[in-house]
Structure formats: structure tokens, C-alpha cells
Amino acid sequence: MTSVSTFIWFDSEAEQAAEFYTAVVPDSRITGITRGGDGSVFVVTLELAGHAVTLLNGGPGHPHTDAASIQVVVDGQDEVDELWAALTADGKPGPCGWLTDRYGLSWQVVPSELPLLLGGEHADAVGAALNGMSKIDLQGLREAHELG
């Protein structure tokens, strides 16, 4: 059987990151922790809203970049706001719904309506509005779509 999961390298904070991520992303849980001979955490496996993720404490030398991110699609503005606030706490907001969390990992917090708004004849207007945002403002995107 073939399976696909996301594997992320941390210096030494995999367990803390896993606890944080499973606390802020609904329907998430830690599924396992592998410890080294000295008792320190080596690997943490978790599910983020059903998606398998493995976090490794591999030591320094492999910093996170925004070339890879975790995208969380949510139902509406309230969920965007809640997840954005949690993930940017001690982190850094970025453009177009992207952010960097306290561990340096990049995320995208995206309302499920975004693909619909970005499609069709009003895509340029919605895209221009999106480019001017940090946290996504769903009402602003809707207005851009209507005004086209």
C-alpha cells in the first residue's frame, strides 16, 4: 500500500510544535512519539485534520523556508481569524494568507470560498485585492468579485 505524508525537520522543538499544532488545528492529534536512547524526543507523528505529518528533531542546519507550507482550508472568516491569531502568536504575518509560525514553519490560512472567487471573469480583481492583504479578508474578496 502506498501512503503520502508530510515530513518536517526541526532543530529540537518537534514535540512542542506538535503540541501547538494539534491544539490550534481542529480535529488534530499526536499519534506517536519516538524517543532516543537518552529519552529525548526524536520523531513525533501527528494528524492535522486527518493529514499525516511527521516532525523530526534532526538538529540545526535545515531551516524552514516559505518554499513549502501547510495549507489549512477553513469554512469562513471566523475560522480564518481564529487560526490566523493562533498561528501568528509569536510568529509573523505574511502576504496573501501566508504566515510564519513561532517555529519558523510557513502556513496558508485559506477560506474554502477562495477558489470560487478567484475563478472566472473577476479573477484579476480578486487577485489584486488578495495581493493587498496579509490575513485574508473574505468580505473584501467578495466585494472585489462583485465589482469585478
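Filtering the range 1-24 down to residues that are over 18 Å from residue 40 (Cβ atoms) and in a loop (DSSP other than H, G, I, E, B), which residue is farthest from the chain's Cα centre (by Cα)? Looking at residues that are over 18 Å from residue 40 (Cβ atoms) and in a loop (DSSP other than H, G, I, E, B), I get 1.
Per the listing 61, 76, 32, the residue uniquely under 17 Å from residue 112 (Cα atoms) and small (Gly, Ala, Ser) is 76. Within the range 17-51, being more than 20 Å from residue 102 (Cα to Cα), open to solvent by less than 40 Å² (accessible area, probe 1.4 Å) and in contact (Cβ under 8 Å) with a residue 12 or more places away in the chain holds for one residue alone: 32. Looking only at the range 95-131, residues that are part of a loop (DSSP other than H, G, I, E, B) and of a type outside the set (A, V, I, L, M, F, W, C) come to 9 in all. Within the range 97-112, take every residue that is within 17 Å of residue 79 (Cα to Cα) and open to solvent by 50 Å² or more (accessible area, probe 1.4 Å) and give me the one that is nearest to the chain's Cα centre (by Cα). If we take residues in the range 97-112 being within 17 Å of residue 79 (Cα to Cα) and open to solvent by 50 Å² or more (accessible area, probe 1.4 Å), then 98 is nearest to the chain's Cα centre (by Cα).
Could you say whether any residue in the range 62-71 is among the aliphatic types (A, V, I, L, M), surrounded by 12 or more Cβ atoms within 10 Å (Cβ to Cβ) and in contact with a strand residue (DSSP E or B) (Cβ under 8 Å, 6 or more places away or on another chain)? Yes. Looking only at the range 74-93, decide whether some residue is acidic (Asp, Glu) and more than 21 Å from residue 135 (Cβ to Cβ). The answer is no; no qualifying residue exists. Can residue 139 be described as polar (S, T, N, Q), out of contact with any strand residue (DSSP E or B) (no Cβ under 8 Å at 6 or more places or on another chain) and open to solvent by 60 Å² or more (accessible area, probe 1.4 Å)? Against the criterion (polar (S, T, N, Q), out of contact with any strand residue (DSSP E or B) (no Cβ under 8 Å at 6 or more places or on another chain) and open to solvent by 60 Å² or more (accessible area, probe 1.4 Å)), residue 139 qualifies.
The values are calculated or read from the model by the stated rules, or taken from the named source; none is laboratory data. Given the structure is predicted, the values throughout are model-derived calculations rather than measurements. Methodologically, a virtual Cβ is constructed for each residue, glycine included, from the backbone with ideal geometry; neighbour enumeration extends over all protein chains shown. The accessibility values were calculated without ligands, DNA or RNA, using every heavy atom of the protein model including side chains. Shrake-Rupley method; radii C 1.70, N 1.55, O 1.52, S 1.80 Å.
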